[in-house]
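Below you'll find the structure, written out as structure tokens, and then a few comments.
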Amino acid sequence: MKRLIDYLAQLLPLLLIVSIVAFVLIDLLPGDAAMERVGLDATQEQLQRAREEMGLNDPLPLRYIYWLERAVQGDLGRSLRSGEPVTATLVRRVPVTVELALFGTGLAVLIGVPAGILAAVFRNGRIDAIVNLLALSGMAVPFFWLGLLLIMLFSLKLQWVPPSGYVSFAEDPLGNLKFMALPSLTIAVAFAATLMRQTRASMLEVLTADYIRTARAKGTSERRVILKHALRNALIPIITVMGLQMGSLLGGAIVTETVFALPGLGRMMVDGIFQRDFPSVQGALLVIIIAVVVTNLITDACYRLVNPRIK
Amino acid sequence: MQDTLISVSNLTKWFPSRERGGKPVQAVTDVSFDLKRGEVLGLVGESGSGKSTIGQSIIRLHKPDSGRIDIDGIDFAGASERALRRHRKLIQMVFQDPSSSLNPRIRIGDVLLEALAIHGIGSTRQERRKRVAELLDMIGFSPDFAQRYPHQLSGGQRQRVGIARALAVEPKALIADEAVSALDVSIQAQIIQLLAELRRKLSFTLIFISHDMNVVEYISDRVAVLYLGRIVEMGPARDIFKRPRHPYTEALLSAIPDPSSRKRERIILQGDIPNPSNPPSGCVFRTRCRHAVERCATTVPPLAQVLPGHQSACIRQELYQNDMGQRS
């Protein structure tokens, strides 16, 4: 409980700082939301009127304080572009990104951890070399390029899944899975590679431990030695890396959502930045920061679960 | 019950060199001994003498390069991994460092349960739990210790768990590899007492590996002295300690602090134990032996009987001819 309060106490100043930085950066970009709304052919007069209406003529600090005042009351403002309340947009978009992150993480664990175990058990062998090569490539490949390659292969050539778009799981479960398959795989690849490297390293370390020798001397089957005695102890650094990677996973989600036209948080942020729509950007940022902090909390709780010595 | 339980003959284990093309490390060379049921054999020697390698080869943590190991009629050296697992309950090992030898993620009760489950002891979970409680009682723990993790125990308590774990499957033989050297002296005594007591009660055969001569003298029926992976002297514990027939044993014995006698001459060995990748020719001990003569460099001394049941690998037995009485 005390930890939870500690985390929340860290969260507040973090949110404040990030929101100020985001606010200033968007303001520094050439052009503004009013120009986006009235279009390039509008007269100076129309532009001024739009600015007045949108409150863009107030000095920057004042605009920030107005925004903050309402934000602490749970009103994140309206999109400068569509006029829709930001909270309503978030309610639609957060599930998309959460789904992407969950599938991505799930796939990464399913691929990375077993691959890492195999590489450790057969270290310096052929399997190890192949797994390592794949992992290195996985880490080196940029998200957008990998996404495009996957679309070319699975959508255009094999025509197994649609190249882009989205339906919600509630509307059409199978369709949803089809749309999510390639994006999930895209963000899973680099994550799986990192997990594999970490799993391999910590398994190698654990496998030389005295208690592994004890387990073998006891007559424990090799399979059980690896999957129970060793993996359980190797898990802590793996969980740490998973927690740390959540931040970059969300970064990957932004690029991936753009490539696959998924209406998630990442797209919301990218669009918001292009349209100088600061309430939308702020809203998306808020959710992402909270997500990262919550992930750290969960990671912390997992430590306790796998390591009885942390109390 | 005086028949042979463990028979080791011509055991050799050389580890390949780390460097490419390097000479192998001659950890154990041509070691043979038999153990009768219920007998306690002490294996002594300084570090690097091959004591632990012998222990680990016997239970096949290492596959020996050559030689035979028969335990209760089963060929341990040649057995397949699968067959070996089935027979592992014949012989168990207590390891040196009780802290690192226990899996930190597994509760004490589960450590014992797993051993029972692997070897199919106790047909129901209920029965096994009962057996775990008995085992805990045997090492002086209350049943609630089953719920504890290794880090919640002291070093001595962990070694008790190590002993209970090894004895859980009712092995016919136990190897204690430096089982007490990581512990405080006062705790060492308790653990040795426990081992001795359990041995009387359960009458298992014991190979006790140690560099501590006092402890070995206390617990062993017979003692084998190792130097550079070879047995240099072996015989009844009492003979070895009272009338050693090998200069190396003499040196080891003279190093035991003895508060009661001041007159004992200390034999200081010169230099270090030679490189086991490149041992001296002839008698491997000759480079540090105060009695070494030219012949020692050319002749490999056989382990030959010098007294009833007492063998020594030293060609200069004439040194001991006048020494008919006992050592002071």
statement: Within region A:24-44, the residues that are assigned to a loop (DSSP other than H, G, I, E, B) and either of a type in the set (Gly, Ala, Ser) or under 27 Å from the mean Cα position of the chain (by Cα) (or both) are A:Leu29, A:Gly31, A:Gly39, A:Ala42
task: Kindly state which helices (runs of 4 or more DSSP H) lie completely within region B:100-203 and contain at least 2 residues that are within 28 Å of A:Leu207 (Cβ to Cβ).
output: B:108-118, B:125-138, B:155-167
field: Qualifying position, being among the small types (Gly, Ala, Ser) and assigned to a loop (DSSP other than H, G, I, E, B), among A:Ala88, A:Ala190, A:Ala170, A:Ala108
entry: A:Ala170
query: When A:Trp67 is evaluated against the numbered criteria (1) out of contact with any Pro (no Cβ under 9 Å at 6 or more places or on another chain); (2) surrounded by 12 or more Cβ atoms within 10 Å (Cβ to Cβ), which criterion, by number, is the only one it fails?
result: (1)
query: Given the structure, is A:Arg223 within 14 Å of chain B (Cβ to nearest Cβ), in contact with a Lys or Arg (Cβ under 6 Å, 6 or more places away or on another chain), outside any loop (DSSP other than H, G, I, E, B) and surrounded by fewer than 19 Cβ atoms within 10 Å (Cβ to Cβ)?
result: no
query: What pairs come up if the first residue lies in region B:21-41 and is within 19 Å of B:Ser220 (Cα to Cα), the second is of a type in the set (Asp, Glu), and their beta carbons are under 6 Å apart, counting only those six or more places apart or on different chains?
result: B:Glu39/B:Asp221; B:Val40/B:Asp221
- line: Among A:Arg232, A:Arg200, the single one that is surrounded by fewer than 23 Cβ atoms within 10 Å (Cβ to Cβ) and either modelled with pLDDT under 90 or more than 14 Å from chain B (Cβ to nearest Cβ) (or both) is A:Arg232
query: Applying the selection to region B:126-153, what residues are free of Cβ contacts under 8 Å to residues at least 12 places away in the same chain and away from chain A (no Cβ under 12 Å)?
result: B:Gln126, B:Glu127, B:Lys130, B:Glu134, B:Asp137, B:Ser142, B:Pro143, B:Asp144
message: What's the number of the only condition in (1) surrounded by 18 or more Cβ atoms within 10 Å (Cβ to Cβ); (2) more than 8 Å from chain B (Cβ to nearest Cβ); (3) among the hydrophobic types (A, V, I, L, M, F, W, C) that A:Ala215 fails to meet?
response: (2)
message: From the list B:Ala79, B:Ala115, exactly one residue is under 26 Å from the mean Cα position of the chain (by Cα), at the interface with chain A (Cβ under 8 Å from one of its Cβ atoms) and aliphatic (A, V, I, L, M). Which is it?
response: B:Ala115
Residues of region A:96-125 classified as under 13 Å from the mean Cα position of the chain (by Cα) and crowded, with 24+ Cβ neighbours inside 10 Å, total: 5
message: From the list A:Thr256, A:Thr208, exactly one residue is in the same structural domain as A:Ser168 (by TED's automatic domain parsing), among the hydroxyl-bearing types (Ser, Thr, Tyr) and buried (at least 20 other Cβ atoms within 10 Å of the Cβ). Which is it?
response: A:Thr256
- prompt: Here are some residues: B:Lys89, B:Lys63. Which one is facing chain A (nearest Cβ under 10 Å) and on the phi < 0 side of the Ramachandran plot?
  reply: B:Lys89
- request: Look through region B:96-112, keep the residues that are charged (D, E, K, R) and under 16 Å from A:Arg232 (Cβ atoms), and return whichever of them is farthest from the other protein chains (Cβ to nearest Cβ).
  value: B:Asp110
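The values are calculated or read from the model by the stated rules, or taken from the named source; none is laboratory data. No experiment lies behind these values; they were computed from the predicted model shown. Backbone-built Cβ (ideal geometry, glycine too); neighbour counts: all protein chains shown.
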